[in-house]
Every structure is written in C-alpha cells, then in structure tokens.
Amino acid sequence: MSRVGKHPVIIPSGVTVDLKGQHLKAKGKRGELEFTVHDDVEVTREGDALSFKPRTESRRARMQWGTARNLASNLVKGVSDGFTITLEINGVGYRAQADAKNLKLQLGFSHDVEMPIPAGIQIKAVKPTEIEITGSDRQRVGQLAAEIRSLRPPEPYKGKGIKYSTETIRRKEGKKK
C-alpha cells in the first residue's frame, strides 16, 4: 500500500485548482500548470484538499497512485512557492554570468559556454561561483540544473566542476611518490 498516496494534497490559499475528469489544472501567483492523472487513479476534491485512490488493486494502479499524488503536490507547490536549485562552481577561473536570455559559463574550455534560458525559468548568478535556478515546474528546473551540471561535473581529486549546493563530493587521495 502506498504510504505517499494516502496523504491528501492540501491546496493553499491563493491557489485555484480545476479538476475536470482526470485533468488537473492549478493556477497561482507563480503561473499556471496542468497535467493529466493516469486512468488507474481516481482523483477527488474535498474542500481544500485533493485525495487520490487506485481504481483497482492491480500492481500498476498502486504504482501510479503515489506517483499521481506526488505530481499533484509538485504542481500545487510550484504555482504557490516555486522550486529553487542552487549550483556551486569550484575551480580557478571558473565563473558564471547571467543576463535576461543567456547563461554564460567559463569552465576552463577554450571557449565560453552559452546556454539559452528557457521560458518560465529564471537564472541568477548570485556570485560568480554560484547559480540559482528558479521556476514553477519542478521537472524543468531539475532538468536544466542537471544539464548545466553535466557541462563540467565535479571530479574527485581536486573537487573542480559544477555541483549542487546540497551535494558532497567524495574526495580521493592523489598519487604518492
């Protein structure tokens, strides 16, 4: 039995949720998001909460139950508060600059790496060695952070590269004479 699916999704004030059949649409101060719940899961709205239940006792229905609940929770949290991921850049001469449309990274290559910033996502270079990615869609924010990190992943010997601020790098000892 899903421990995640049992808990209802509380809808905070300032967020409107429209439920039409299996289609869920949330609107809040940070934008509007929508998704379609899997057919094996039944969604009901009770006051200011959404509850989820599997339609059958099949394995697939139980698997989709917790997934649908978490996706709805991310939807509601995204339009009310949003999601933020912070990346840290370590290395001599490694730095980042962000403007309205592009993120410019200097990562020790012979050229600067420029990444376009997608619509609905804001990127700030808080410091030259710190990038803050903010948006309402958790999947898109996480995907963009992973793409930026993959440009120069952290290496275990000196710790140089781009890493998440919550990530710890396991350091290795270098060669001995």
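Quick notes on this one:
- Just one of the listed residues (Ile89, Ile133) is under 15 Å from the mean Cα position of the chain (by Cα), touching a residue at least 40 places away in the same chain (Cβ under 8 Å), closer than 23 Å to Glu155 by Cβ and assigned to a strand (DSSP E or B), and it is Ile133.
- Index of the failed condition, Gln97 passing every other in (1) modelled with pLDDT of 90 or more; (2) open to solvent by 80 Å² or more (accessible area, probe 1.4 Å); (3) part of a helix (DSSP H, G or I): (3)
- Strands (runs of 3 or more DSSP E) lying entirely in region 1-75 (those with 2 or more residues that are closer than 24 Å to Ser136 by Cα and among the basic types (Lys, Arg)): 23-28
Each row is one residue, and each column tells you yes or no for (1) in contact with a Pro (Cβ under 8 Å, 6 or more places away or on another chain); (2) over 30 Å from Lys29 (Cα atoms).
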{"site": "Glu132", "(1), (2)": "no, no"}
{"site": "Ser136", "(1), (2)": "no, no"}
{"site": "Arg140", "(1), (2)": "yes, no"}
{"site": "Leu144", "(1), (2)": "yes, no"}
{"site": "Leu151", "(1), (2)": "no, yes"}
{"site": "Glu155", "(1), (2)": "no, yes"}
{"site": "Arg171", "(1), (2)": "yes, yes"}
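- Residue match in region 63-78 (condition: open to solvent by 90 Å² or more (accessible area, probe 1.4 Å) and small (Gly, Ala, Ser)): no
- Conditions (1) outside any strand (DSSP E or B); (2) in contact (Cβ under 8 Å) with a residue 12 or more places away in the chain; (3) open to solvent by 60 Å² or more (accessible area, probe 1.4 Å); number of the one not met by Val141: (3)
- Test: residue in region 161-168 that is charged (D, E, K, R), within 30 Å of Ser73 (Cα to Cα) and not in a loop (DSSP other than H, G, I, E, B): yes
- Residue in region 61-70 that is farther than 28 Å from Arg30 by Cα and in contact (Cβ under 8 Å) with a residue 40 or more places away in the chain present: yes
- Selection of region 10-51 for residues being under 21 Å from the mean Cα position of the chain (by Cα), surrounded by 12 or more Cβ atoms within 10 Å (Cβ to Cβ) and of a type in the set (Lys, Arg) yields Lys25, Lys27, Arg30.
- Selected residue (criterion: farthest from Val113 (Cα to Cα)) from residues of region 147-173 that are open to solvent by 60 Å² or more (accessible area, probe 1.4 Å) and among the acidic types (Asp, Glu): Glu173
The values are calculated or read from the model by the stated rules, or taken from the named source; none is laboratory data. Keep in mind the model is a prediction, meaning the values are calculated, not measured. Positions of Cβ are backbone-derived with ideal geometry, glycine not excepted, and every protein chain shown enters the neighbour counts. The area values use the complete protein model at the heavy-atom level, side chains included, leaving out ligands, DNA and RNA. Shrake-Rupley method; radii C 1.70, N 1.55, O 1.52, S 1.80 Å.
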